[in-house]
Amino acid sequence: MLFNSLTFVAFFVIVYLLYRVIPGWGMRKNLLLVCSYIFYGAWNPPFAALLLTSTVVDWWLAGRMDRESIQSRRRLWLTLSLVTNFGFLGFFKYGNFLLDNTVALLGAMGISYHPPHLDILLPVGISFYTFHTLSYTIDVYRRQLKPEYSLRDFALFVSFFPQLVAGPIVRARDFLYQLKDPPAPVRGRFAWGVFLMTMGLFEKVVVADTLLAPTADLVFGHPFPLAALDAWAGALAFGMQILCDFSGYSLTAIGADLCFGFYLLDNFKFPYGASGFSDFWRRWHISLSSWLRDYLYIPLGGNRLGTARTCFNLMFVMLLGGLWHGAAWTFVLWGALHGLFLLIERAVRFFTAGATWTDSLLARTAGWLLTVLGVTITWVFFRAADFPTAMKTLVSMFGAFGERGDQILATRDLIEVGAVVAVVLTAHRLLRDSSIEAIVQRSPRWWVMSLRPWI
């Protein structure tokens, strides 16, 4: 059940109306839990059992951890949680990937191995709800969070349908406390939630799917080298497409949560206005980058154990971040490139520390443009189906084929992509220190008043 479908619209309206008329906070939570499992089961009913299993296991293990005073046993319960969650994730998302690479490795060693094809189906949203539950067990293990004794509330936190399929990644400490008492009435909250959902669906349906996706698909699906302009248009189109697609889904989820009275943190903060890759990752998919920072980078030592260890930690985290997005070596290389750019940025900052020219308008603008360029290049590996396609696109982008490259994009395609790129880059750069709420508050009074009946 996709957000950009009439089925979801009907589902959301029915659930919300029932939510408003059913008395009692407990009954409302029961409704949301049942409807969330219906929403998830609509993709593939057996996967709902997998979601429930992961939920019950982590809820039970966290309770055991909290009651245990012996540290070795608490560590054992945490290990069981990690093994269970990463076991499910590894099998369903990376099972075929690992098997194929094992066959290739054995073949390179002269060993012929022909295992049966597993034909594993990927459960929708497993990468997201796995990180939901792990944030809970890890925080309980660290004694930063008390365990949730209501299985119903914990199951609702894990499975709540707005953020279940495509995020944001929600942490237990940011959501569970909101389930204790019914949300206090706030004037305009529902209308603001619908407004955010509308903006998110506009990003997804109109900009990502209609204006950008056809161009990106045409460029990356073309079997022969392209003219440089077409190759760049395809790379930029995909970069804007994944922004509007992902941020649109996140904004829709945030708006849907708000309609029910729940609050989620922002997941995107004008990332194409970033000056540098570290700034980019503070703005792009914030729920993932902050999760990797708090539960992987910092426990590995962060930047506290010397330069060499810091470089290793950064690269290791970015490699895993790339693999989290998909089971393919192209995603791993995408993460590696981001890790490399982060290391280069750290080196540049080290050697230019104290230089006054780094704060000049020219330096900041150059840093912004270089960030956009680097991010666009990395998107090629994220979008390409394989390395040959990625290399063909990169070689075409930098003009190695000259006039021999195919010109496959119409003038209209180039104008549409160029217009979206210009609007996004300008808006993100100018609004990089702002927010949607602040923009509305600073808007002309007549415009806000005209929207007041709706937002």
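Going by the conditions given, is Leu176 touching a Phe, Trp or Tyr at 6+ places or on another chain (Cβ under 6 Å) and under 15 Å from Gly261 (Cβ atoms)? Working first, answer last.
On the way: touching a Phe, Trp or Tyr at 6+ places or on another chain (Cβ under 6 Å): yes; under 15 Å from Gly261 (Cβ atoms): yes.
When the stated conditions are applied, Leu176 passes them.
Every residue in the range 133-153 that is among the aromatic types (Phe, Trp, Tyr) and surrounded by fewer than 24 Cβ atoms within 10 Å (Cβ to Cβ), please. Steps first, answer last, please.
Looking only at the range 133-153, we keep the residues that are among the aromatic types (Phe, Trp, Tyr), and these are 136, 141, 149.
Residues satisfying the conditions are Tyr141, Tyr149.
Quick check on my filter: what residues within the range 49-78 are in contact with a Pro (Cβ under 9 Å, 6 or more places away or on another chain) and within 19 Å of Phe91 (Cβ to Cβ)?
Leu50, Leu51
Of all residues in the range 292-318, how many are farther than 29 Å from Asp433 by Cα, of a type in the set (A, V, I, L, M) and either assigned to a helix (DSSP H, G or I) or under 19 Å from the mean Cα position of the chain (by Cα) (or both)?
Of the residues in the range 292-318, 1 are farther than 29 Å from Asp433 by Cα, of a type in the set (A, V, I, L, M) and either assigned to a helix (DSSP H, G or I) or under 19 Å from the mean Cα position of the chain (by Cα) (or both).
Taking the stated definitions as given, is Ser289 hydroxyl-bearing (Ser, Thr, Tyr), assigned to a loop (DSSP other than H, G, I, E, B) and surrounded by 17 or more Cβ atoms within 10 Å (Cβ to Cβ)?
no
Consider Leu258 against the criteria (1) under 30 Å from Leu176 (Cβ atoms); (2) surrounded by fewer than 23 Cβ atoms within 10 Å (Cβ to Cβ): it satisfies all of them except one. Which criterion is unmet?
Exception for Leu258: condition (2).
Please verify whether the range 342-357 includes one or more residues that are out of contact with any strand residue (DSSP E or B) (no Cβ under 8 Å at 6 or more places or on another chain) and closer than 28 Å to Ala166 by Cβ.
Restricting attention to the range 342-357, the residues satisfying the condition of being out of contact with any strand residue (DSSP E or B) (no Cβ under 8 Å at 6 or more places or on another chain) are 342-357.
Applying the additional criterion that residues be closer than 28 Å to Ala166 by Cβ yields 342.
Yes, that holds for at least one residue.
Does Leu296 count as in contact with a helix residue (DSSP H, G or I) (Cβ under 8 Å, 6 or more places away or on another chain) and surrounded by fewer than 17 Cβ atoms within 10 Å (Cβ to Cβ)? Please lay out each step first, then the result.
Working: in contact with a helix residue (DSSP H, G or I) (Cβ under 8 Å, 6 or more places away or on another chain): yes; surrounded by fewer than 17 Cβ atoms within 10 Å (Cβ to Cβ): yes.
It is true that Leu296 is in contact with a helix residue (DSSP H, G or I) (Cβ under 8 Å, 6 or more places away or on another chain) and surrounded by fewer than 17 Cβ atoms within 10 Å (Cβ to Cβ).
Just name the residue that is nearest to the chain's Cα centre (by Cα) out of those in the range 17-40 that are farther than 18 Å from Lys180 by Cβ and buried (at least 17 other Cβ atoms within 10 Å of the Cβ).
Among those that are farther than 18 Å from Lys180 by Cβ and buried (at least 17 other Cβ atoms within 10 Å of the Cβ), it is Tyr40.
Among (1) touching a Cys at 6+ places or on another chain (Cβ under 9 Å); (2) in a loop (DSSP other than H, G, I, E, B), which single condition is Arg346 missing?
Of the numbered conditions (1) touching a Cys at 6+ places or on another chain (Cβ under 9 Å); (2) in a loop (DSSP other than H, G, I, E, B), the odd one out for Arg346 is (2).
Given the criterion within 18 Å of Phe277 (Cβ to Cβ) and touching a residue at least 24 places away in the same chain (Cβ under 8 Å), identify the matching residue among Gly335, Gly367, Gly322, Gly302. Lay out the reasoning, then the answer.
Numbers: Gly335 fails: touching a residue at least 24 places away in the same chain (Cβ under 8 Å); Gly322 fails: touching a residue at least 24 places away in the same chain (Cβ under 8 Å); Gly302 fails: touching a residue at least 24 places away in the same chain (Cβ under 8 Å).
The unique qualifying residue is Gly367.
As an exercise: evaluate Gly167 against (1) out of contact with any Pro (no Cβ under 8 Å at 6 or more places or on another chain); (2) at negative phi; (3) at pLDDT below 90 and give the number of the one condition it does not meet.
(2)
List the number of the failed condition for Met199; all other conditions in (1) at negative phi; (2) over 19 Å from the mean Cα position of the chain (by Cα); (3) not assigned by TED's automatic domain parsing to the domain that holds Gly24 hold.
Tallying (1) at negative phi; (2) over 19 Å from the mean Cα position of the chain (by Cα); (3) not assigned by TED's automatic domain parsing to the domain that holds Gly24, Met199 fails exactly one: (2).
Can we say Trp77 is more than 18 Å from Leu258 (Cα to Cα) and touching a helix residue (DSSP H, G or I) at 6+ places or on another chain (Cβ under 8 Å)? Talk me through it step by step, then tell me what you get.
Values: more than 18 Å from Leu258 (Cα to Cα): yes; touching a helix residue (DSSP H, G or I) at 6+ places or on another chain (Cβ under 8 Å): yes.
So Trp77 passes the test.
Within the range 410-455, track down each residue that is more than 30 Å from the chain's Cα centre (by Cα), in a helix (DSSP H, G or I) and at pLDDT 60 or above.
Result: Thr411, Arg412.
Does Ala191 meet the test of being of a type in the set (A, V, I, L, M), modelled with pLDDT under 95 and buried (at least 18 other Cβ atoms within 10 Å of the Cβ)?
Numbers: of a type in the set (A, V, I, L, M): yes; modelled with pLDDT under 95: yes; buried (at least 18 other Cβ atoms within 10 Å of the Cβ): no.
Judged against the criteria, Ala191 is not a match.
The values are calculated or read from the model by the stated rules, or taken from the named source; none is laboratory data. Owing to the predicted nature of the structure, the values given are computational and were not obtained by experimental measurement. Here the Cβ is made from the backbone with ideal geometry for all residues, glycine too, and neighbour counts use every protein chain on show.
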